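One structure coming up, written as structure tokens, with questions to follow.
The values are calculated or read from the model by the stated rules, or taken from the named source; none is laboratory data. Owing to the predicted nature of the structure, the values given are computational and were not obtained by experimental measurement. Cβ placement follows ideal geometry from the backbone for every residue including glycine, while neighbour counts extend to all protein chains displayed. Quick note on the areas: whole protein, heavy atoms, side chains included, nothing else; ligands and nucleic acids left out. Shrake-Rupley method; radii C 1.70, N 1.55, O 1.52, S 1.80 Å.
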Amino acid sequence: MSSESRSAKSARLPRDERRRQLLQAAHEVFVANGYHGAAMDEIADAAHVSKPVLYQHFPGKRDLYLALLDHHLQSLTAMLMDALNSTTDNKARVHATIGAYYRFIAEESQAHRIVFESDLANDPEVSARLEGFNTRLAGSVAEVLAEETNLSIAEATLLGRALAGMAQVSARYWVQAGAGLDRDAACELIYRLAWRGISRFPKEP
């Protein structure tokens, strides 16, 4: 397809729809090749657009990657907040939160590779986004724990970080190792470990 034909075709799509198409193409290329191995030419080809069309929406590869990271972090945050808010029973909350991590990491799109396994992790803007995500999640967990236990906010925040780390690292290992457990069985094991620890903390009188 010539550049003229691609440009004519791209003009038919509304801007938001075109942006979604470009992000999907970029996702596929970044998952396959990593950030450093990906090229804007390849992303444009995957999206069936010309490079000028791609650059109209994203000034460079890093901008495209950051937009994609933001998108996946928003999706994961929504899943985790839905889990935390799905019940007032803390036992069920722990189960739902760990389950949300496992669902995200088990997705066929492999979005977790862009979020948690980025070869751009040392970039200040990437690390700031990940730290912001982790801080917000730990804070949400801490609010629940501090309300119902004798723990301080600092203690509850540390436990929130630990719970998230346990879920994330174990789910990544599970999906990479193919350890012979289905998702529900793996999630159940980690939930039991987490709940037996968290449930030991004294509740407020």
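Taking the Cβ of Ala83 as the center, what net charge do the other residues with Cβ under 10 Å away carry, scoring Lys and Arg +1 and Asp and Glu -1?
Values: positive: Arg93, Arg103; negative: Asp82.
Result for the neighbourhood of Ala83: +1.
Ordered by residue, what ³J(HN,Hα) values in Hz, to whole numbers, does the range 106-111 give under the Karplus form 6.51 cos²θ - 1.76 cosθ + 1.60, where θ = phi - 60° and Gly and Pro are x?
Each residue of the range 106-111 in turn: 7, 4, 4, 5, 6, 4 Hz.
For an R0 of 30 angstrom, estimate the FRET efficiency from the Cβ-Cβ distance between Glu155 and Asn85 and round to the nearest 0.05. If you can, show how the numbers build up before the last one.
Values: r = 22 Å, r/R0 = 0.75.
With R0 = 30 Å, the Cβ-Cβ based efficiency is 0.85.
How large is ³J(HN,Hα), in whole Hz, for each residue of the range 117-126 in order, when computed from phi with the Karplus curve 6.51 cos²θ - 1.76 cosθ + 1.60 and θ = phi - 60°, using x for Gly and Pro?
10, 5, 7, 10, 4, 7, 5, x, 6, 5
Mind listing the long-range amide H neighbours of Ser86? Cut-off is under 5 Å, sequence gap 5 or more, other chains count too, H placed in the peptide plane at 1.01 Å from N.
Under 5 Å from the amide H of Ser86 lies no amide H from a residue far enough along the sequence or on another chain.
Right, another one. Send over a whole-number figure in Å² for the accessible area per residue of the chain, probe 1.4 Å.
53 Å²
Search the structure for amide H atoms under 5 Å from the amide H of Thr149, placed 1.01 Å from N in the peptide plane, and list their residues when 5 or more places away or on another chain.
For Thr149, whose amide H was placed from the backbone, the distant partners under 5 Å are Glu204.
Still on this structure: Roughly how many Å is it from the Cα centre of the range 108-153 to that of the range 66-92, as a whole number?
Rounded to whole Å, the Cα centres lie 10 Å apart.
Stretched out fully, how many nm does the piece from Ala78 to Ala39 gain, at 0.36 nm a residue minus the Cα gap? Working shown, then result.
Working: separation 39, 0.36 × 39 = 14.04 nm, distance 3.02 nm.
Gain on extension, Ala78 to Ala39, equals 11.0 nm.
Additional query: Pairing the Cα long axis of helix 15-37 with the longest principal axis of the chain, what angle in degrees results, from 0 to 90 and rounded to the nearest 10?
Approximately 80 degrees, to the nearest ten.
Using a probe of 1.4 angstrom, how much of the accessible area of the chain is carbon and sulfur, in percent? Display every interim value, and only then the final one.
Values: 5670 of 10910 Å².
Reported share for carbon and sulfur atoms: 52 percent.
Output the relative contact order of the range 10-63, whole-number percent, from Cα pairs under 8 angstrom with separation of 6+ residues. Please report the intermediate quantities before stating the final value.
On the way: 31 pairs, mean separation 19.0, N = 54.
RCO, the range 10-63: 35 percent.
For the residue pair Asp184 and Leu130, what label-to-label distance in nm results when each label sits 7 Å from Cα along the Cα-to-beta-carbon direction?
3.3 nm
So what J values fall out for the range 67-76 if you push phi through Karplus, 6.51 cos²θ - 1.76 cosθ + 1.60 with θ = phi - 60°, rounded to Hz, Gly and Pro as x?
Per residue, the Karplus-derived 3J(HN,Hα) values read 5, 5, 4, 4, 4, 5, 5, 5, 5, 5 Hz.
Return the label of the correct value of Cα Rg over 2.2 N^0.38 Å, as calculated from the structure shown, out of (i) 0.97; (ii) 1.21; (iii) 1.13.
Step by step, Cα Rg over 2.2 N^0.38 Å for this structure corresponds to label (ii).
Run lengths n ≥ 4 of DSSP H only: what is the helix-derived mean residue ellipticity at 222 nm for the chain, with -39500 (n - 2.57) per run over all residues, to the nearest 500? Write down the numbers at each step before the final one.
Numbers: 10 runs with 159 residues, N = 205.
-25500 deg cm²/dmol, from helical runs alone.
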